[in-house]
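Just so it is clear, none of the values below were taken in a lab; they were calculated from the coordinates. Values in this document were obtained by computation on a predicted structure and should not be read as measured data. Backbone-built Cβ (ideal geometry, glycine too); neighbour counts: all protein chains shown.
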Amino acid sequence: MTGTAIERLRERLAEVHDLSRAAMLLTWDERVMMPPNGAQARAEALGTVSKLAQERFIDVDVGRLLDELRDVEESSDPDSFEASLIRVTRRRYEKATRVPPELVGEMRRASALGLSAYGPAKAASDFESMRPYLERSLELRQRYVECFPPADEKYDILLDDYEPEMKTAEVRRIFDELKDELRPLIEEIADAGDIDDSFLTGEFDPATQRRVALEIAHAFGYDEREWRLDPTLHPFMSSPGAGDLRLTTNFRPNDLTSLFATMHEFGHGVYEWGVDRALARTPLGTGVSLGVHESQSRTWENLVGRSRAFWRWFYPRLQGAFPAQLGSIDEESFYRAVNKVQPSLIRIDADEVTYNLHIILRFELEQELIEGRLAVADLPEAWNARMKEYLGIDVPDDARGVLQDMHWSGGSLGYFPTYALGNVMSVQIWERAVGDLGDLDDRFERGEFGELREWLREHLYKLGAKFTPQETIERVTGNHIDAKPYLRYLREKLAPQMA
Amino acid sequence: MSVTAAPLPLDRLKAILAEIADLKHAESIADWDSRVSMPPDGAAARADMTATLTRFIHGRLVSDEIGELLEEVGELGDEVDAALVRVTKREWERARRVPSDLAAELTHSAGIAVAAWDKAKAASDFESFVPHLERQLELKLRYIACFPEVETAYDVLLDDYEEGTTTADVERIFARLKEELVPLIEQHADAGPELQGPFPLERQQQANRLVLDAFGWDPASWRIDETPHPFASKPGARDIRLTTYTSESDLTSLFSTMHEFGHGVYEFDIDEALARTPLATGTSSMIHESQSRLWENLVGRSRGFWRWFYPQLQPLFPDRLGGIDEDAFVRAISAIRPGLIRCDADEVTYGLHIILRFELEQDLLAGKVAVRDLPEVWNARMKEYLGVDVPDDAHGVLQDMHWSTGLLGYFPTYQLGNIASVQIWDRARADLGDLEEQFARGEFAQLREWLRDQIYRHGSVYPPRELLRRVTGSDLDPEPYLAYLRAKFA
């Protein structure tokens, strides 16, 4: 290899990047395009490509280059591309090289096995068949934790993979604040009486849903040269390369959830879209963390997509698309229905308020599992008891309880909190945007979202992963992560429901 | 602690080859996706991804370790293992000859040239394509120079696609074809009425599905999509992807679907025990093309096929086909009509399109024709062989993508495939009896089973000419093909 150390590092990182994105493309293809019988060959291809990406990254050459670059890092402006690249790469390299490749391989294998057992277990509501996989993945996670120097709490190490440098204690503090405020709020809303949302269930032609979802996405900034939208079972966003953003959604024939799912995935997509292209093919060229990513999906789904102004613009169009179903429903009723707060069993169908309690419950159970205070075998019971305590509802079976999410089956522990942290951060960022741009309602009412998007790009998206998530949030909002704006937003928005 | 023995060299070799196969799987998806599903602005990043994958594949293949393992493995008794070693050795030796920067440059500049070709073709602007083609030619000459012991430059290129076949073989066969085809065309060219569209796209896609169902595709393992330039690919076992181009103005999509099915079924029916090895693919371009042409022409333009299918096709396009009976329809899709475009050519004139390209490729390599002068030479030869005037380069020298992607020496395999297809076909009929009666009932399974048993399941276990001998009892021979054409058209 020739070139300066930084050039050589970039070259190596570009290679790792290309391989990781190839793996991402293979995954997208598997979920969207692949004929089902291709699964076995795909699992092998995916395994090889991911393993190669990992091997190339933890290679001693990378360590040597990082050593060589210590001076460059120290003498450069910390905000500079070079300093950020070296800093971020070093942090990841030091983490990655602590974990023996055999353990990485075992975790990947256990994850694949767990995920393939998950489908049938959920379909049969059979927790017992899932238990050995969960125990195995918990055991591997324990071994993973032991690869690192002891942290204040074991959970810190898990959390750090998804939300770098976030501490369990901090999440607990934020979540306790949410819990204290939201549980009474939910009760107050329940006492205020029921809201009719029956018209949101019915026959909604999937082709029309797709047309409507695309109309919204176009107004947000989607275009055919860079984006695509496909149907899938579990919606996700994937960006296999710069200028290539792929949203997926589930056009369920009997409700309109696809619209919100599309706006949600658009938020993930537009964040990736807005990252400074100069950061492409480096570890900096992507969203900084799952929490911050989620703040953007929730911004576009909830702060924009469930706002009154948005529906003032869009509701007449939606009514036009579904005249039989919505023709007699006025805008106010529709707005209230899509913002209805009601405790329910399933996280992904939960409203803006109860959603957080679904997360808090998982966060608490995960800590108990990793600390050995809760056995896997006792998980369903603990789950059901806490659903009763936090949301007041009885879980009829494990399919709608502890088996509803696939995360744990795939070995993802410590991932869930990022969803609620995203909610919290979304409002902090939003308030700052509104502070700069003024009230956005009149623009939304005209179907104009460009100013918001450009503000977010300029202040947040373009930074990519140059700084830590917390630093990124501080740069954007001037503040540390804080639940108060979010709680204020929920109270204000939902006040009419209590009236 | 258990003591694990060091893996046997053959197992170790298979493990490396499996990894290479996995990387090729990723490369294949990257390519398929870029042609079927990628948003256009993703192209630049995709070129980077593909180049990286290619570099890793090449790097793994040319490793010293593979060379050492090939040595250690030595002679093997098992036929399949021996074939694995033979094929790997051939690929390894060829790849080792090519410096990795040249290999990378060939991939990289091909990516750029394809994009340039796309634009040049759309604008019928050969001038803008000249530097790219010159670059491809220059790189190919450098590639050829990596094999100094080969006397005929064209042999180096041909051998990449068609192991064991030389330029001299092709010249001999093509000379024989020319002798017969030119008079056949002169005497039997048909100026009768052509089918007139529009044929609604959805109805055509419906017809394509009916045929695929009858041929025996399974949606759990296959898919079909629309692309401007149809192709078939197999990223991995049980994942077969066909593409077709459906245009309202004609029914060529149906024939291209059957053509790509032929490629797909060959790959699909390869023994799964060969998966993730270099044997898990068709043995050569010629044999592959023999199968696409077999399903497209020998099945798909046969009387028996249309006796079954025409009654289903006709009602899909009542206003276009209502007044055309089966005889007239079969005549229309079989007519000899000298034309401009290779892909649209009939069974007879097709050969001359290939011969023309084969000759020009040799002239380019020998420096007898400069890239700049290609259009002129092309047009003159089209006039000479087919009697047609080329109105512009989009319908002439720019019509095919091949040269832009560095596929020089590839075209002859298409025509060799036509020739082999009839040899195989004759043998199938000798074994199975009259197939047309089965086709007339919409039954194709017996033919497919025979082909699977004789050809498909073996993947690349046998080299192409050997496979042909095993199946037909004779070497590559143009006479059955010519006899077939005479019987059909004269």
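Based on Cα contacts under 8 Å between residues 6+ apart, the range B:9-151 shows a relative contact order of 24 percent.
Restricting the calculation to Cα atoms, the range A:5-154 yields a radius of gyration followed by a Dmax of 19.0, 60 Å. Shielding value for B:426-432 is 0, the average number of Cβ atoms from other chains within 10 Å of each residue's Cβ. Its relative contact order, with pairs defined as Cα atoms under 8 Å and 6+ residues apart, puts chain B at 20 percent. Along the axis of the charge dipole computed for the range A:360-499 (Cβ charges of +1 for Lys and Arg, -1 for Asp and Glu, origin at the Cα centre), the listed residues A:464, A:377, A:419 are led at the positive end by A:464.
If only the Cβ of Lys and Arg carry +1 and only the Cβ of Asp and Glu carry -1, the dipole of the range B:346-449 around its Cα centre is close to 280 debye. Between the amide H of residue A:69 and any residue lying 5 or more places away or on another chain, no distance stays under 5 Å, with hydrogens modeled in the peptide plane. Within 10 Å of the Cβ of each residue in A:230-243, the mean number of Cβ atoms contributed by other protein chains is 3. Classify the range A:155-499 as rounded, prolate or oblate, taking a ≥ b ≥ c as the square roots of the eigenvalues of its Cα gyration tensor: rounded when a/c is under 1.5, otherwise prolate if a/b is larger than b/c and oblate if not. Note, shape of the range A:155-499 comes out rounded. Mean partner shielding of peptide B:229-237, defined as the number of other chain Cβ atoms within 10 Å of each residue Cβ, is 3. For residue A:230, the amide hydrogen comes within under 5 Å of the amide hydrogens of A:247, A:248, A:249, counting only partners 5 or more places away or on other chains and with H modelled in the peptide plane. Site pair residue A:346 and residue B:325 shows an inter-label distance of 6.0 nm when each label is modelled 7 Å from Cα along Cα→Cβ. The phi-based Karplus calculation (6.51 cos²θ - 1.76 cosθ + 1.60; θ = phi - 60°) puts the 3J(HN,Hα) values of the range A:402-412 at 5, 9, 5, 9, 8, 3, 5, 4, x, x, 7 Hz, whole numbers, x for Gly and Pro. Computed from the alpha carbon atoms alone, the convex hull of the protein assembly as shown holds 196 Å³ per residue. Taking the C-alpha atoms only, the angle from helix B:445-454 to the longest principal axis of chain B is near 30 degrees.
Each of A:112, A:171, A:201 was placed along the dipole of chain A (beta-carbon charges, centred on the mean Cα), and the one lying farthest toward the positive end is A:112.
Given R₀ = 45 Å, FRET efficiency for residue B:343-residue A:61 by Cβ-Cβ distance, to 0.05? After rounding, the FRET efficiency stands at 0.40. In chain B, the calculated helix contribution to ellipticity at 222 nm averages -20000 deg cm²/dmol per residue, counting -39,500 (n - 2.57) for every DSSP H run with n ≥ 4. 3J(HN,Hα) along the range B:263-268, derived from phi through the Karplus expression 6.51 cos²θ - 1.76 cosθ + 1.60 where θ = phi - 60°, amounts to 5, x, 5, 4, 5, 5 Hz, with x in place of Gly and Pro.
Qualifying trypsin sites (Lys or Arg not before Pro) in the range A:251-334, where qualification requires a DSSP coil assignment and no more than 14 other C-beta atoms within 10 Å, are lacking entirely. Remark: the range A:152-206 carries a charge dipole of roughly 260 debye about the Cα centre, counting +1 on each Lys and Arg Cβ and -1 on each Asp and Glu Cβ.
Reducing the range A:403-468 and the range A:154-195 to their Cα centroids gives an inter-centroid distance of 17 Å.
Across the range A:66-79, computed HN-Hα scalar couplings (Karplus, 6.51 cos²θ - 1.76 cosθ + 1.60, θ = phi - 60°) run 5, 4, 4, 8, 4, 5, 4, 4, 6, 8, 9, 4, x, 7 Hz from first to last residue, x flagging Gly and Pro. How would you classify the range A:226-326 from its alpha-carbon gyration tensor, with a ≥ b ≥ c the square roots of the eigenvalues: rounded for a/c under 1.5, else prolate if a/b is greater than b/c, otherwise oblate? Since a/c reaches 1.5 and a/b is larger than b/c, the shape of the range A:226-326 is classed as prolate. At 7 Å along Cα-to-Cβ for each site, give me the label-to-label distance between residue B:18 and residue B:127 in nm. Label at residue B:18, label at residue B:127, 5.7 nm between them. Total lysine pairs in the range B:152-490 at Cα distances under 27 Å, for residues eight or more apart or on different chains: 5.
Computed from label points 7 Å out along Cα-Cβ, the spacing between residue A:437 and residue A:389 is 4.1 nm.
The range A:314-343 and the range A:227-275 have Cα centres separated by 22 Å.
Determine the shape class of the range B:152-490: with a ≥ b ≥ c the square roots of the Cα gyration tensor eigenvalues, call it rounded for a/c under 1.5, and otherwise prolate if a/b is greater than b/c, oblate otherwise. It is rounded, given that a/c, with a ≥ b ≥ c, falls under 1.5.
To test your reading of the geometry: what angle, between 0 and 90 degrees and rounded to tens, separates the Cα axis of helix B:478-489 from the longest principal axis of chain B? With rounding to tens, the tilt is 20 degrees. Under 5 Å from the amide H of residue B:225 lie the amide H atoms of B:242, B:243, B:244, each residue being 5 or more positions distant or on a separate chain, with H modelled from the backbone and absent for Pro and chain starts. Each part gets one Cα centre, and for the range B:381-403 versus the range B:283-347 those centres are 23 Å apart.
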